[in-house]
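Take a look at the structure below.
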Amino acid sequence: MRIAIGQINPTVGDLAGNVRKMADFARRAAAREAHLIAFPELSVTGYPPRDLVEKPSFVTQSEAALDCLAAQTADLPIAIVAGYVGRSHESTGNRATNSAAILRAGKVLLRQTKILLPNYDVFDEQRNFVPGGRQALWPFENERVALTVCEDAWNDKTFWTHRLYPRDPVDELMQQGGSILLSINASPYHMHKRELRENMFRAMTRRHNVPAIVVNQVGGNDQIVFDGSSFAMDAEGRVFASAASFEEDLVIADLPSRSGEVRADFPDECEAAYEALVLGTRDYIRKCGFRRVLIGLSGGIDSSLTAAIAVDAVGRDNVHGIAMPGPYSSDHSVRDARAMAEKLGIRFDIIPITPGYDEMLRVLAPAFRDTKPDVTEENVQSRLRGLTLMALSNKFNALVLTTGNKSELAVGYCTLYGDMCGGLAVISDVPKTLVYSLSRVANRRHSGAIPESVFEKPPSAELRPDQKDSDSLPPYDVLDAILRLYIEELRSTREIAAELSLPLDLVKDVAIKVDRNEYKRQQAAPGLKLTSKAFGIGRRFPIAQKYFENE
């Protein structure tokens, strides 16, 4: 049996466009003599549709789109596996199901509904869907195909030390006599997730002694990036066919000979992370209907990396960099920003904020009388830059990309309605230390566009004389180590201090900053998930709260 892996990049809600893409992939697969083509989870609707599924009309149109796909491919000598939002026929609970259908000759041969509905990190499927009950095998080409939808294959008892669900749908299907596992997924990317996914399915194929076809969505939808990286694996856990990471692909896997196409990958995880940011940025811009972007270029490492990613995402002709020097900006800031813009080949303009800042101080002077300058005046500068970028955004219909990193956002080293202004926070899940590594990747791709002086100079917001980030924060290698353990691993301050051999008071100070700046993060632009725990939809903490760990 020849199985085609249809690794596509659907757009949420573009049902007609998604169906056209799937029909095209099916024709191409049939021309290459594939017997079956499998598409990702919810490929008809795009994933995640979130509360769109609460609209009865959306569910109706999803089922109609599935019928349309069946009709458009009725003449093809190939079976099609597609994910769609179905209508629940239960008398209680949600109205929708997360389902898969097998189509052939214009008919639906089998419908399979997802049983395990994830409700952690970025997932909220228990809010939207009704779980399935018993699942059935599909007899096809002398095989008994065990079709599962994403999470249904992510509960193997031999792989996970702590399972989230009492049921194992794969085990149940194998007990019925399944001979092939076919898993359709919308499995989001974070660093090292590709390796985890492959290792998990390797354990499963070896335990059940069956081959597996794993199809994953690719592309960016809002804050989530999907890496694709689909593969076919034999019963010994050897990958014999694989799709590309971070791009659409059509790959044929021949099961009898255990052979197929193997695409080039990104073995270096830093290269993969950079590519994920490019893909997430490109899809967010295009799927939201924009073509051009604006970036405030400070001459620092964060805005330099963001500009390089933007060029790779939408092309240099669609990227506009703006330097906005203020009263405390150094000469090298504008010089470095200009040098990088010239090497990247993007448009570059200088719009000073000093005249506006001076005027604002004059206007505010009566209200500020008998007070001393403090962080208020610093924030006025940042907000004037935000105002400038948003004015240009309105005038030229260009999306502003914010340039703050995860380390700054974590501890509130950012200004609401200032440097946080924008439509997409490209590197908001990139710790500062990783920013430097990703910037080296950018320089390899862009012939050293980021000047070496940008790597070497101390980070600074340049909002007061001789200001440095280290005036307010511990060294970034220390800060990032604390943040990783506190945010991603939920470790206590005492545990962190002991593991890193740091003063407990320092760790507590960082933790307090993280907790007290939740109000800023919930007003931030959506950011692209890159680590195992990102700010945004996957981390839900209250703003008005007074809990702090005693340990």
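Here, each number is a calculation from the coordinates, and none is a lab measurement. Note that this is a predicted model, so its numbers are computed, not measured. With ideal geometry, Cβ positions are generated from the backbone for all residues, glycine too; neighbour counts draw on all protein chains shown.
A few points about this structure:
- Tilt relative to the chain, helix 15-31 - C-alpha long axis, 0 to 90 degrees, to 10: 50
- The phi-based Karplus calculation (6.51 cos²θ - 1.76 cosθ + 1.60; θ = phi - 60°) puts the 3J(HN,Hα) values of segment 350-366 at 10, 10, x, 9, 4, x, x, 5, 4, 5, 5, 4, 5, 5, 7, 3, x Hz, whole numbers, x for Gly and Pro.
- Long-range amide H partners of Ser230 with built H, under 5 Å: Asn216, Ala243
- Per-selection Kirkwood Rh - segment 127-281 (Cα, Å, 1 d.p.): 16.2
- In plain terms, the chain from Ser57 to Ala74 could stretch by 3.6 nm, reckoned as 0.36 nm per residue minus the Cα-Cα distance.
- Packing-based ranking of 511-519, 45-53 yields 45-53, 511-519, ordered from highest to lowest mean Cβ neighbour count within 10 Å.
- Geometric extent, Cα atoms of segment 181-250 - Rg, Dmax (angstrom): 11.9, 38
- Sequence ranges 288-296, 319-327, 305-313, 392-400, ranked by mean other-Cβ count within 10 angstrom, highest first: 305-313, 319-327, 288-296, 392-400
- Charged side chains reduced to their Cβ positions (Lys and Arg at +1, Asp and Glu at -1) give the chain a dipole of some 1100 debye around its Cα centre.
- Each residue of segment 2-256 gets 114 Å³ once the volume of the Cα convex hull is shared out per residue.
- Extending 7 Å from the Cα toward the beta-carbon at both Asp317 and Gln467 defines two label points whose distance is 3.8 nm.
- Calculated P(r) of segment 209-283 - Cα pairs past 14 Å, %: 60
- Taken as Cα centroids, segment 1-72 and segment 315-356 sit 44 Å apart, rounded to the nearest whole angstrom.
- As an equivalent ellipsoid, segment 340-431 spans semi-axes of 26, 19, 12 angstrom, where each value is the square root of five times an eigenvalue of the C-alpha gyration tensor, largest first.
- Rounded tilt (10° steps) of 193-208 against the dominant C-alpha axis of the chain: 20
- Given their separation in residues at 0.36 nm each and the Cα-Cα distance between them, Glu269 and Lys343 gain 24.1 nm when the chain is fully extended.
- Amide hydrogen neighbours beyond the local backbone of Gly132, cut-off 5 Å, H modeled: Lys114, Ile115
- Modelled FRET efficiency - R0 56 Å, Asn209 with Gln126, Cβ distances, 0.05 increments: 0.95
- Each 5 Å bin, from zero up to the one with the longest distance, holds this percent of the alpha carbon pairs of segment 272-521: 1, 6, 13, 17, 19, 17, 13, 8, 5, 2, 0.
- For segment 158-180 and segment 205-269, distance of Cα centres in Å: 20
- Distance in nm between pseudo-label sites at Gln176 and Ser259 (7 Å out along the Cβ direction from Cα): 3.4
- Summarising the label geometry, the points placed 7 Å from Cα in the beta-carbon direction at Val108 and Trp160 lie 2.8 nm from one another.
- Length gained on full extension, Met1 to Ala16: 2.4 nm, using 0.36 nm per residue less the C-alpha separation.
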